[in-house]
Structures are given as structure tokens and as C-alpha cells.
Amino acid sequence: MPLTPTPYIWMDGELVPWDDATVHVLTPSLHYGWGVYEGIRAYATETGSAVFRLRDHVSRLRDSARVYLMELSWTDEELVEAVRELVRVNGHDSCYIRPIAYLGYGEMGVAPQLDAVRMSIAVWPWGSYLGDTAESEGCRLIVSNWQRNSNQTVPPLAKATGAYVNSALAKVGAQRAGYDDALMLTANGHIAEASAANLFLVRDGELITPPVSDGILPGLTRDCALTFARDLGLKVTERSVPRSEVYIADEAFLTGTAAEIVPVASVDERRVGSGVGTVTKQLRDLFHEVVRGRDERYAHWLERV
Ligand code: PMP
């Protein structure tokens, strides 16, 4: 999806015009992929813009930074304020927000200099990630033959820039084969997740999703779906999902900040259920109400701008 420039990008505490927000070509983050980032959304609500689960995203960014031995020079509160200010000055009530911590240059080599952590935050308007048809009729997935990064290779629970070549190989392959996205397997043949979203199945009214121990990113939208389902009294199970189980699910859907909650129409050319399932629809509709501040029960997840 093309980027729509906004007036300012936050760089190390300064608001910099979009076109001037550049980084030196010798940053080790470009050469070796050593950087951590987040993807967040702000939504328009009846009382103005609100950033969804901002503090949880900041906390996951800090966790990712810890895994990669990066010390952020900003407190959580400062980062929360920076995001709020940036959304305000750029004037988009509803937008995608991309904070990233990366390395300034100093030395070259595979062991990068870790004491020069820099940060930037950008925002831009971003519509539905998998496209409008995927949103309304469900997305078409394929199981990738690229295995998901594991805890023995590149830690999956940290959102690191370099780790995403794994997701990108799977996604590009899926798109070139004519599909919307790919599901990636663990070394044991369990489904881990899609390239940038978590997977849920519904079987006999029970909600099933792979556990964090199967090498997934602990998604915040995943946490929303789990919370909603429990609050609605549905049975919820986090357990390993073998590849073929997705073929026989009654319903399946993906969750992610960019993707939101998207029904799965087919996997490897097997239709999943019959169109958008009732549980999927219920959770998706609730999600859309909650992010727009229309459900008081979850108002604590909204950070007013
Ligand atoms: N898995 C991966 C690999 C992702 O990149 C994302 C997007 N951040 C997710 C899952 C979903 O996480 P969240 O709901 O927090 O956006």
C-alpha cells in the first residue's frame, strides 16, 4: 500500500518535516537488521482521536529492545506523550503509528555498537491491510514452505526489523502465487502465525489459538480477541494447532493491528467454513466498536490524544 506523507516525523525528540526524516546509510540497522519497532493504530472516536492500547505497545517495544540489548533513552511516559503529540500535530484522527528504535553509526561489523540507540516515530493514514475483499469475504491463505523463526534462530516474541525478512519471504511468496498472505509453521509442523498477524480457529464453538511457546509474536489484537471471547462466555484454548486442523475448522480469522480482525476464507485452496463465521463476526464487530470508544467496558484501552 503506498505511503501518504504527513507533515512531521518525531526523531529523537524533535518534530522533523517528513522529507527530512532521513538516516545515514551506514547505520548497522540497515546492514544487519538490528532494530526493534511497533505498529499501533489510532482511531477516530466521538470525542476525538484515541490511540489503541498505546501503553501495551510501548511496553512490548521495551521488551523487544531488552531482547536486543538496546537501552531506550526515553521513558514509557515520554514515548506515550510523543505519540499523542505526533498524532495531534499531523491532524489525522485515524492513522497507523510506527515507532522504531535503531542504531546510529559508529562502528561497522556484525556485532553492532549498541550504545547509540536512536528513535523515530512516524504516522500515516492506512486503510485495511489485507484489502477490502479480504475484509468482507475473508482472506485466501497458503501455508508457506518458509519455516517461522524459532527461539533457536531469531526470537519470535521480539518485534525486530531483521526478523521480518522471514515474514517477508513468506508474504511475497504467497502474493506471487495469488494469495493474500501466508501461514508459517514451526519446526514441529504446528501453525505459528501469518506473516504479520496471529491465527484463531473456531471449532464447535470453542476458540483455539497457538500458544506463545509455539514461536508467535504475542499480539495485542490476539489479546483483545481472547479477552472478548472470555467476556462473552466462549470456551478459549491456547494450544498447538497442527497444519491440517485449519482445513477442518468451522471458522478461522487473523488478528493484528494492521489487519485488525479478518476472516479466513480458505487455506491451501480448502474453504474454511462457509463465509464469515458467526463467532468471527461477533468478535470483529465488537473490536470495531471498542477501538472507536463505543464500549465503556474497554475504555481503559484507549489513550486519548
Ligand atoms: N504476528 C506478527 C509476526 C506480527 O508482525 C504482528 C503485528 N504486530 C502480529 C502477530 C499481531 O500483533 P498485534 O495484534 O499486536 O499487532
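The values are calculated or read from the model by the stated rules, or taken from the named source; none is laboratory data. Just so you know, these numbers come straight off a predicted model, no measurement behind them. Every residue, glycine as well, gets a Cβ built from its backbone with ideal geometry; the counts of neighbours run over all protein chains shown. These area figures cover heavy atoms from the full protein model, side chains too; ligands, DNA and RNA do not enter into them. Shrake-Rupley method; radii C 1.70, N 1.55, O 1.52, S 1.80 Å.
Evaluate the following for ARG176: is it open to solvent by 40 Å² or more (accessible area, probe 1.4 Å), out of contact with any Pro (no Cβ under 9 Å at 6 or more places or on another chain) and within 21 Å of PRO5 (Cα to Cα)?
no
Within the bounds of region 248-264, is there any residue that is of a type in the set (S, T, N, Q) and more than 16 Å from the ligand (Cβ to nearest atom)?
no
If I filter region 280-294 for residues that are within 16 Å of the ligand (Cβ to nearest atom), buried (at least 16 other Cβ atoms within 10 Å of the Cβ) and small (Gly, Ala, Ser), do I get at least one hit?
No, region 280-294 has no match at all.
Which number in (1) within 8 Å of the ligand (Cβ to nearest atom); (2) buried (at least 22 other Cβ atoms within 10 Å of the Cβ) marks the one condition that ASP223 misses?
Here ASP223 clears every test but (2).
Among the residues of region 258-278, which ones are more than 14 Å from ALA134 (Cα to Cα) and either crowded, with 21+ Cβ neighbours inside 10 Å or outside the structural domain of CYS139 (by TED's automatic domain parsing) (or both)?
GLY273
For region 183-195, what are the residues that are aliphatic (A, V, I, L, M) and either more than 11 Å from the ligand (Cβ to nearest atom) or out of contact with any helix residue (DSSP H, G or I) (no Cβ under 6 Å at 6 or more places or on another chain) (or both)?
Across region 183-195, the qualifying residues are LEU183, LEU185, ALA187, ILE191, ALA194.
Give me the pairs, please: first residue somewhere in region 207-218 and open to solvent by less than 20 Å² (accessible area, probe 1.4 Å) and more than 12 Å from the ligand (Cβ to nearest atom), second residue anywhere and in a helix (DSSP H, G or I) and small (Gly, Ala, Ser), beta-carbon distance under 6 Å, and either six or more positions apart or on two chains.
Short answer, once both residue conditions are applied: LEU207/ALA229.
Just checking, which of TYR8, TYR37 is touching a strand residue (DSSP E or B) at 6+ places or on another chain (Cβ under 6 Å), at pLDDT 95 or above and open to solvent by 50 Å² or more (accessible area, probe 1.4 Å)?
Unique residue meeting the criteria: TYR8.
Among residues belonging to region 146-166 that are part of a loop (DSSP other than H, G, I, E, B) and β-branched (Val, Ile, Thr), point out the one that is farthest from the ligand (Cβ to nearest atom).
In this case the residue turns out to be THR153.
Mind counting the residues in region 4-42 that are in a loop (DSSP other than H, G, I, E, B), within 23 Å of the chain's Cα centre (by Cα) and among the hydroxyl-bearing types (Ser, Thr, Tyr)?
Total meeting the criteria: 2.
Can you run down the residue pairs with Cβ atoms below 6 Å, 6 or more apart or on separate chains, where the first is in region 280-298 and within 16 Å of ALA134 (Cβ to Cβ) and the partner is outside any loop (DSSP other than H, G, I, E, B) and not hydrophobic (A, V, I, L, M, F, W, C)?
Filtered contacts from region 280-298: THR280/GLU251; THR280/PRO263.
Considering MET70, MET1, which residue is within 16 Å of the ligand (Cβ to nearest atom), closer than 26 Å to LYS171 by Cβ and part of a loop (DSSP other than H, G, I, E, B)?
After applying the criteria, what remains is MET1.
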